[in-house]
There are 2 protein chains.
Amino acid sequence: MDSPGRKGATVTPNARALAHPSREDIRVEGVLHALSDPIRLRIVRRLAGAGDELACSHFDLPVSKSTSTHHFRVLRENGVIRQVYRGTAKLSVLRAEDLDELFPGLLDSVLGAAGLQAKRLGED
Amino acid sequence: MDSPGRKGATVTPNARALAHPSREDIRVEGVLHALSDPIRLRIVRRLAGAGDELACSHFDLPVSKSTSTHHFRVLRENGVIRQVYRGTAKLSVLRAEDLDELFPGLLDSVLGAAGLQAKRLGED
């Protein structure tokens, strides 16, 4: 992809911009698929708890870096999170507003269900 | 598989009984996985609309019989539906009570999301 860039002392748009579905291209099947994995649910619960963007390094995941990158990509490509590069860090944030607009209550009920299950299984 | 039959007037437990997870073995990841497919979502929406058990023949699905059987099995093995044989018919019913007890509101929000999407995409 081209890096369009601005001239002078301004910030150059990041050529490493990552692909995201637009809101209208998000599908409920894709969102459910993205949320149907324990590691990805854990990432989403952490992001919901933070309520802000987090660097990948803030997630303590029991998987390799490449597996972790895969899980973040599945979440991003299905419209659950947005990822941006800032300097050398890749930051992730929940697309809560897009999801709530498309599927009211869905994200909250999944987060609630995952929370109840973690409590029931003594994982929290 | 054996066909147990009935002896006298008593009902013999059905040897063709299908395996189901107990309520406490149902996992949110498995439920979401089961619901993350368009055909399976369609089955679940149909069952929710019927509010009762339905024979497989009541679903007009654009897939082969073996693919259809696979989708019903994924739903059953992840605790979303219960299936029983009655004579030669295999009947399916949503495990709405089990799911609501474990994950309050989850099934309804998925059904709601799927309904909104079908409307938005003109599929209903």
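Would you please name the residue that is nearest to A:Leu94 (Cα to Cα), looking only at residues in the range A:23-56 that are in a loop (DSSP other than H, G, I, E, B) and at pLDDT 95 or above?
Step one: list which residues in the range A:23-56 are in a loop (DSSP other than H, G, I, E, B), which gives A:26-27, A:36-37, A:51-53.
Checking which are at pLDDT 95 or above leaves us with A:26-27, A:36-37.
Numbers: A:Ile26: 14, A:Arg27: 16, A:Ser36: 16, A:Asp37: 16 Å.
Looking at residues that are in a loop (DSSP other than H, G, I, E, B) and at pLDDT 95 or above, I get A:Ile26.
Of the numbered conditions (1) modelled with pLDDT under 95; (2) surrounded by fewer than 17 Cβ atoms within 10 Å (Cβ to Cβ); (3) touching a helix residue (DSSP H, G or I) at 6+ places or on another chain (Cβ under 9 Å), A:Pro4 fails exactly one; give the number of that condition.
(3)
Filter the range B:91-106 down to the residues that are closer than 12 Å to A:Gly105 by Cβ and surrounded by 22 or more Cβ atoms within 10 Å (Cβ to Cβ) and list them by number. Break it down into steps so the answer makes sense when it comes.
First, pick out the residues of the range B:91-106 that are closer than 12 Å to A:Gly105 by Cβ: B:104-106.
Correct list: B:Leu106 only.
Among the residues of the range B:80-124, what is the count of those that are assigned to a loop (DSSP other than H, G, I, E, B) and either more than 8 Å from chain A (Cβ to nearest Cβ) or hydrophobic (A, V, I, L, M, F, W, C) (or both)?
Keep residues of the range B:80-124 that are assigned to a loop (DSSP other than H, G, I, E, B), which gives B:80, B:87-88, B:95, B:103-105, B:121-124.
Next, from what is left, pick out any that are either more than 8 Å from chain A (Cβ to nearest Cβ) or hydrophobic (A, V, I, L, M, F, W, C) (or both): B:80, B:87-88, B:95, B:103, B:121-124.
So the answer is 9.
I'd like the residue in the range A:17-58 that is within 14 Å of chain B (Cβ to nearest Cβ) and basic (Lys, Arg) and, out of all such residues, is surrounded by the most Cβ atoms within 10 Å (Cβ to Cβ). Outline the logic, then answer.
At the first step, the residues of the range A:17-58 found to be within 14 Å of chain B (Cβ to nearest Cβ) are A:21-45.
Narrowing further to those that are basic (Lys, Arg): A:23, A:27, A:40, A:42, A:45.
Details: A:Arg23: 13, A:Arg27: 20, A:Arg40: 23, A:Arg42: 18, A:Arg45: 17.
In this case the residue turns out to be A:Arg40.
Look through B:Ser109, B:Ser68, B:Ser64 and report the one residue that is within 15 Å of the chain's Cα centre (by Cα) and of a type in the set (Ser, Thr, Tyr). Talk me through it step by step, then tell me what you get.
Working: B:Ser109 fails: within 15 Å of the chain's Cα centre (by Cα); B:Ser64 fails: within 15 Å of the chain's Cα centre (by Cα).
From the options B:Ser109, B:Ser68, B:Ser64, the qualifying one is B:Ser68.
The values are calculated or read from the model by the stated rules, or taken from the named source; none is laboratory data. This is a predicted model, so every value here is computed, not measured. Virtual Cβ from ideal backbone geometry, glycine too; neighbours counted across all protein chains shown.
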